[in-house]
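See below for the structure under consideration.
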Amino acid sequence: MCFIVWGTEQEKMFAGEVAVHCPACGQEKTMNITLIHTYDHLFRIIKQTRSKEYVVHCPTCENTYEYDPADKPQIIDKGRVL
């Protein structure tokens, strides 16, 4: 007998912090960037990326927005602006 195990998984990873203006509450805040990585896998070993999406979360109003890293306003890494 041979079993083929495949599926789709999603991982959320911290990708940094960015200083952006929140459209909902109107405040300039440092928000966490989260990378949502969706991939197909075979036996959880062989992985193929299906999609990557970046989102930021406002700590004041609790809203979440899509984020395009190509825009890069001010990415903050360990206390210094890159």
Does any residue of region 45-55 turn out to be within 19 Å of the chain's Cα centre (by Cα) and crowded, with 16+ Cβ neighbours inside 10 Å?
yes
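Considering only region 25-51, state which residues are at pLDDT below 85 and either in contact with a helix residue (DSSP H, G or I) (Cβ under 9 Å, 6 or more places away or on another chain) or part of a loop (DSSP other than H, G, I, E, B) (or both).
Result: Phe43, Arg44, Ile45.
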Quick check on region 67-82: of everything there that is at pLDDT 55 or above and over 17 Å from Cys25 (Cβ atoms), which residue is surrounded by the most Cβ atoms within 10 Å (Cβ to Cβ)?
Pro69
Given the criteria within 16 Å of Asp68 (Cβ to Cβ) and touching a Leu at 6+ places or on another chain (Cβ under 6 Å), does Ala19 qualify?
no
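The values are calculated or read from the model by the stated rules, or taken from the named source; none is laboratory data. A quick note: this is a predicted structure, and the numbers were derived from the prediction, not measured. Quick reminder, even Gly has a Cβ in these numbers, built from the backbone with ideal geometry, and neighbours come from all protein chains shown.
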